[in-house]
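Structure, as structure tokens:
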Amino acid sequence: KFDGEARERLAAIAALLFRHARQDGESATVVPGLFRASDTAIIQRGVLRPSICVVAQGEKLARAGTDTELRLRYGPGNFLASAIDMPVAGRAVRASASKPYLAAAFELTPHEVLSIMIDLEVTVDGSAPASTAAFVACDGQLLDVVLRAVSSLSDEREARFLAPLLRR
């Protein structure tokens with residue numbers, strides 16, 4: 001699916017997330033939205049905000065929408081784009097303590113998410129009840145942005161400076 005450079009970027013993102021997202025759940029870092037899950041039995045429930053979530057390692061199964069009508073299964077190199085708030089329940093389905101599910105989510109405005117989806121030519125099934133969410137393979141540019149964001153965690157000053165700039 002990916003060329004060698006994209007695989008290398010994804011591996012670098014996973015290594016940095018492993019280092020900075022030290023425990024299960026969302027990690028409190030200068031760059032918000034770093035997630036780790038090592039237990040496949042725990043179901044997480046919440047509200048999916050307008051965002052782009054890039055999976056670096058592991059795999060997740062989620063149900064989104066008011067009646068959990070949208071089933072999403074995504075793994076390394078996929079990103080989930082959601083343009084609206086919607087209820088979600090999900091769990092890591094491929095994860096362990098030594099090789100956890102690792103992801104970076106970037107909260108955006110609905111307009112920003114839809115703009116990214118248009119730029120990347122993401123198509124969604126308009127007949128699906130929750131058609132404002134989609135998951136697709138990452139391209140090199142998106143992986144570059146995520147790598148830059150998580151790389152900045154080694155320098156808090158750089159991370160604080162870059163955080164607003166990396167939104168788009």
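The packing ranking of peptides 41-54, 93-106, highest mean first, is 93-106, 41-54, where packing means the average number of other beta carbon atoms within 10 angstrom of each residue.
Would you calculate, for the chain, the mean residue ellipticity at 222 nm contributed by helices, counting each DSSP H stretch of 4 or more residues as -39,500 (n - 2.57) and dividing by all residues, to the nearest 500?
Details: 4 runs with 49 residues, N = 168.
That calculation yields -9000 deg cm²/dmol at 222 nm.
Per residue of region 147-152, what does 6.51 cos²θ - 1.76 cosθ + 1.60 with θ = phi - 60° give for ³J(HN,Hα)? Whole Hz please, x for Gly and Pro, Karplus curve as stated. Using θ = phi - 60°, the values come out as 4, 4, 4, 6, 5, 5 Hz.
Would you tally the net charge around R36, using a Cβ to Cβ cut-off of less than 14 Å, leaving R36 out, and scoring K and R as +1, D and E as -1? Don't skip to the answer; put the middle values down first.
Numbers: positive: R19, R22, K60, R91, R94, K99; negative: D24, E26, D39, E59.
Residues near R36 contribute +2 overall.
Over all directions, the projected convex hull of the C-alpha atoms in the chain averages 9.2 nm² in area. Ordering F79, L142, A37 by Cα displacement along the dipole of the chain toward the positive end leaves A37 in first place; charges were set at the Cβ atoms of Lys, Arg (+1) and Asp, Glu (-1).
Counting only GluC sites (Glu not before Pro) that sit in a DSSP loop (anything but H, G, I, E, B) with at most 12 other Cβ atoms within 10 Å, what is the longest stretch of the chain containing none of them? Here the longest segment lacking exposed loop sites spans 1-68.
Every number in this text was worked out from the coordinates using simple rules, so none of it is lab data. Worth saying up front: this structure is predicted, and the values here are computed from it rather than measured. Glycine also receives a Cβ, built like all others from the backbone with ideal geometry; neighbour counts cover every protein chain displayed.
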